[in-house]
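A quick write-up on the structure given underneath.
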Number of protein chains: 2
Amino acid sequence: MTKLIECIPNFSEGRRMEIVEGLADVAKSISGVTLLDYSADSSHNRSVFTLIGDPKGIKAAAVALAKYAAEKIDLTQHEGEHPRMGATDVIPFVPIKNATMEECVEIAKEVGAALASEVKIPVYLYEEAASKKTRTNLAAVRKGQFEGMTEKMAKPEWVPDFGEAAPHPTAGVTAVGARMPLIAFNVNLSTSDVNIANNIAKIVRGSSGGLKYCKGIGILLEDRNVAQVSMNMVNYEGTPLYRAVELIKAEAKRYGVHVIGTELIGLAPAKALIDSAEYYLQLENFDYEKQVLENHII
Amino acid sequence: MTKLIECIPNFSEGRRMEIVEGLADVAKSISGVTLLDYSADSSHNRSVFTLIGDPKGIKAAAVALAKYAAEKIDLTQHEGEHPRMGATDVIPFVPIKNATMEECVEIAKEVGAALASEVKIPVYLYEEAASKKTRTNLAAVRKGQFEGMTEKMAKPEWVPDFGEAAPHPTAGVTAVGARMPLIAFNVNLSTSDVNIANNIAKIVRGSSGGLKYCKGIGILLEDRNVAQVSMNMVNYEGTPLYRAVELIKAEAKRYGVHVIGTELIGLAPAKALIDSAEYYLQLENFDYEKQVLENHII
């Protein structure tokens, strides 16, 4: 049985499409790996790639992509809405089929070691692969962003897991980790006031008292002049998509603001969407495993 | 990519369980096919089987089952509440994945030809496979039932699509067709007044001016004292589930009634539910094929 691992590297380039296409070409050139999706966001100035493959292929793809990104992306010239600390900002590995979390942690460590030795990029392990509890959370690891990394990495508690205790001069630092499937899900508001999106994000995210498995920030989509609650749903069973949307709608009301649309970035498991259909359609006694036709096809 | 076809043959046997189990054994013996479900109804004296498989397997299964049914079921001895004209009464083929309606029509024709030549059963093609508009509707094809078939088939307009213009002496006639997946979907109202459910059903169903691919009646759930709009959604892409629910909600308002819940009976394709999630979550630019993880694994 083939082990299937998903890898979702994020790169700090969402404007120069020739670089984004170059990354896609690198991904497509690796055997044992399929490039499922990639998308670039101009206001984030960031691109997200989704690959799936066997352990050997997925490791090779991650290292090759990071090498290409380090050659083409210069963080000293980078501006964008999304926090970032590296040309390859973050590389998570996710167990999909016949693979365990432990195997993904092992892959994260091997890739981290390779980035340090072959590309001279220091690496922090995060989430399930974290070496310390204080490095579990990606936001904590990335705090200070590229511009603050020289100072941060000089502190004993922030010595990286692999590589030198200083950022690569242009490619910065990369976080490599292992985690459960994550759904990138954004909610667009009928306002251009990013403060409103920020206030709502604070309420909806788990870290400040909201929904446990939701992370969120407010951002402005400059091309549309639309404020957005940009979220990562880190456990869609614990915090379903519809619940975040409904909580955002309720909080937006106090500003006379409503939801004008949402975006799913990259992939989501079918169940994450069907859970929301079940809620909104008011389905009684629905059994996902039994009643969804595709679940009977082996 | 494997093509997946569903087949839901109906047999005129719902009392002698050894025959029903014998049919199940035949279905299980065919490679490339999975028997998803089968159920027998004693008062209808009828059983319904649900199989899924690749085109080659599903054709072989349909022919093998009809052969077994012709050997074991004698329509001259058959009594039951449900209208019927054959030992194998009806065989619909449904495109599920990577398969088109045209391919299912082709399969229906091949199976029809095989039933006539190998089992000596005359066949009418119906629904999407129908050779004439007057044969699209199954009820019209089956009118007269087994006992009236000798007379009916002698008429020029009822010459069968395959086989002789006379029923098989004991196994009768079979209708073979192609159609979209049918979803049995009910909406429960906050009233016990079945007239309200009936009035709403009239508005929502295509036959009286409502949603084209929706059939519906009002019924009373006596055990709950709840009026229900009971529907068959015959093409979930043409008429998505959410649209029926929202139209029912809008019409229910004039009676001060609301939707208290819905029921999905049996199976539905993942896409039928995800289409509703897409609507309610207000997803922008969602791509079912690309963004649902499982579509890349099967």
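Remarks
- For region B:197-298, size of Cβ-based charge dipole, Lys and Arg +1, Asp and Glu -1, in debye: 540 debye
- Percent accessible area from carbon and sulfur atoms, region B:137-268, protein chains only, probe 1.4 Å: 51 percent
- With 20 Å bins beginning at zero, the pair-distance distribution over Cα atoms of the protein assembly as shown amounts to 18, 41, 28, 12, 1 %.
- Sorted from nearest, the other copies put their A:Thr100 label points 4.7 nm away, the label point being 7 Å from Cα in the direction of Cβ.
- Charge tally in the Cβ shell below 13 Å around A:Ile200, where Lys, Arg are +1 and Asp, Glu are -1, A:Ile200 excluded: +2
- Of the solvent-accessible surface of region A:28-97, computed with a 1.4 Å probe and all protein chains present, 45% belongs to carbon and sulfur.
- Spherically averaged projected area of the convex hull of Cα atoms, region A:145-243: 8.4 nm².
- Label-point gap, in nm, between A:Glu237 and B:Ala250 - each point 7 angstrom along Cα→Cβ: 3.8 nm
- When chains B and A come together, the accessible area they lose, probed at 1.4 Å and totalled over both chains, is close to 3600 Å².
- Spin-label zone in region B:144-166 - amide nitrogen under 14 Å from a point set 7 Å from the Cα of B:Lys120 along the C-beta vector: B:163-166
- Set of lysines with alpha-carbon distance to A:Lys109 below 24 Å, sequence-local pairs under 8 removed: A:Lys3, A:Lys28, A:Lys56, A:Lys59, A:Lys67, A:Lys97, A:Lys120, A:Lys132, A:Lys133, A:Lys143, A:Lys152, A:Lys155
- Inter-chain Cβ neighbour average for residues A:253-266, partner chain, 10 Å: 3
- Euclidean distance of C-alpha centroids, region A:237-298 and region B:209-230, integer Å: 26 Å
- 3J(HN,Hα) along region A:155-162: 6, x, 6, 10, 4, x, 6, 9 Hz, from the Karplus curve 6.51 cos²θ - 1.76 cosθ + 1.60 with θ = phi - 60°, whole Hz, x for Gly and Pro.
- Most mobile listed residue (B:Arg142, B:Arg254, B:Arg15) in chain B, GNM with C-alpha springs under 10 Å: B:Arg254
- Alpha-carbon centroid distance for the pair region B:32-59 / region B:74-91, whole angstrom: 16 Å
- From the alpha carbon centroid of region A:168-196 to that of region B:135-157 is 64 Å.
- Directionally averaged projected area (convex hull, Cα atoms, region A:255-298), nm²: 5.0 nm²
- Neighbours of A:Lys97 by Cβ distance under 13 Å: Lys/Arg scored +1, Asp/Glu scored -1, total -3.
- Once exposed loop GluC sites (Glu not before Pro) are cut out (DSSP; at most 14 other Cβ, 10 Å), longest piece of chain A: A:80-163
- Accessible surface, per residue, of region B:63-215 when the full set of protein chains is kept, probe 1.4 Å, Å²: 43 Å²
- Near A:Asn10, once Lys and Arg are set to +1 and Asp and Glu to -1 for all other residues with Cβ below 9 Å from its Cβ, the sum equals +1.
- Residue-averaged 222 nm ellipticity for chain B, from DSSP H runs of 4+ at -39500 (n - 2.57), nearest 500: -9500 deg cm²/dmol
- Among A:Val94, A:Val194, A:Val111, the largest mean-square fluctuation in a Gaussian network model of chain A, built with springs joining Cα atoms closer than 10 Å, belongs to A:Val194.
- Dipole magnitude of the protein assembly as shown, debye to nearest 20 (Cβ charges: Lys/Arg +1, Asp/Glu -1, about Cα centre): 740 debye
The values are calculated or read from the model by the stated rules, or taken from the named source; none is laboratory data. Nothing here was measured: the structure is a model prediction, and the numbers come from that model. Don't worry about glycine lacking a Cβ; one is built from the backbone with ideal geometry, like all the others, and counts go over all protein chains shown. In case anyone asks, the SASA skips ligands and DNA or RNA and just uses the protein heavy atoms, side chains included. Shrake-Rupley method; radii C 1.70, N 1.55, O 1.52, S 1.80 Å.
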